[in-house]
Amino acid sequence: MLQVCSVTKYFKGQEVFSGFDLNVPQGRFHVLVGPSGCGKSTLFDGLTGVIHLDGGSLFWNHEPLLNLSQHAAYMQQKDMLLPWFSLLDNALLPAKTGGQDMIAAENQARGLFKRLGLKGYESHYSNQVSGGMRQRCALVRTLMFNRDLILLDEPLSALDTITRRSLQSLLLLLQTEFKKTILMITHDIEEALLLADEIYLLNPMPMAISRHFVLDSPKPRKFNDPALLDIKADVLDKLEGDLIHEPG
Ligand SMILES: Nc1ncnc2c1ncn2[C@@H]1O[C@H](COP(=O)(O)OP(=O)(O)OP(=O)(O)O)[C@@H](O)[C@H]1O
Ligand SMILES: [Mg+2]
């Protein structure tokens with residue numbers, strides 16, 4: 001279980017968020033949705049130790065931690081692939097730095113390449129493939145950390161609708177079959193409705209939770225599920241309300 005207690009971050013004296021709380025119980029899939037620039041990626045960077053938080057505390061399974069770097073795999077919004085490595089070597093980096101058995105790791109990575117539609121591109125470099133393929137490779141690399149907690153910052157944003165749908169099913173399998181705990185950022189409301197156990201709508205400046213939805217429809221879900229359509233209407237109402245009331 002992840003507990004985020006009263007975390008705070010300032011950039012150049014400006015508060016991005018303060019006293020921000022979030023709980024993600026083991027095995028749950030929680031999704032954050034909020035306007036561009038509200039501080040979502042900054043929160044993930046702070047939780048994983050990419051940047052320092054200015055205050056607050058974190059607990060993983062009730063154990064206090066400075067950051068989640070030892071417990072979470074983080075797929076950042078930018079794919080962060082190294083251009084001088086092939087896609088396969090990029091995917092194998094977590095295994096190399098973690099001192100894993102490289103033969104087993106390569107088998108796992110090749111299996112994931114196949115699963116994510118990247119078979120045949122193992123030796124390509126990141127500048128030789130599309131944005132969506134880079135994003136899928138970054139997802140493989142994230143999974144290669146073999147961590148229980150996965151933080152995904154808009155992991156499917158560069159994909160076409162069909163590939164996106166099939167990868168959404170894969171993200172669901174991570175939860176249902178591989179028992180991962182997932183915290184994901186997305187701008188796609190339908191994606192959030194398909195995947196999330198709980199959705200948090202965020203307000204900007206400073207970032208705060210404005211609405212919290214608990215979705216208990218069984219998965220896999222269908223868009224015509226009346227319970228989902230009700231929540232979708234609620235989410236869109238709230239987002240439109242925020243736009244109308246936005247200053248300026
Ligand atoms: N390194 C930095 N130095 C100063 N300000 C920053 C830095 N990184 C982000 N910011 C600012 O912090 C705020 C939050 O940025 P952040 O990237 O977390 O937003 P976001 O919610 O992830 O947006 P998006 O949905 O567009 O990805 C923005 O105003 C951004 O300009
Ligand atoms: Mg972001």
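Any read-out appearing in this document is the output of simple, stated calculations on the displayed coordinates, not a laboratory observation. None of the values given here were measured: they were computed from a predicted structure. Backbone-built Cβ (ideal geometry, glycine too); neighbour counts: all protein chains shown.
General observations
- Exactly one residue among Leu152, Leu195, Leu172 is of a type in the set (A, V, I, L, M, F, W, C), surrounded by fewer than 21 Cβ atoms within 10 Å (Cβ to Cβ) and within 13 Å of Phe29 (Cβ to Cβ), and that residue is Leu172.
- Enumerated strands (runs of 3 or more DSSP E) restricted to segment 61-171, each holding at least 2 residues that are among the hydrophobic types (A, V, I, L, M, F, W, C): 72-75, 149-153
- The set of residues in segment 78-95 that are without any contact (Cβ under 8 Å) to a residue 40 or more places away in the chain and small (Gly, Ala, Ser) contains only Ser86.
- Test for Leu193: is it in contact with a Lys or Arg (Cβ under 7 Å, 6 or more places away or on another chain), closer than 18 Å to Ile231 by Cα and within 16 Å of ligand 2 (Cβ to nearest atom): no
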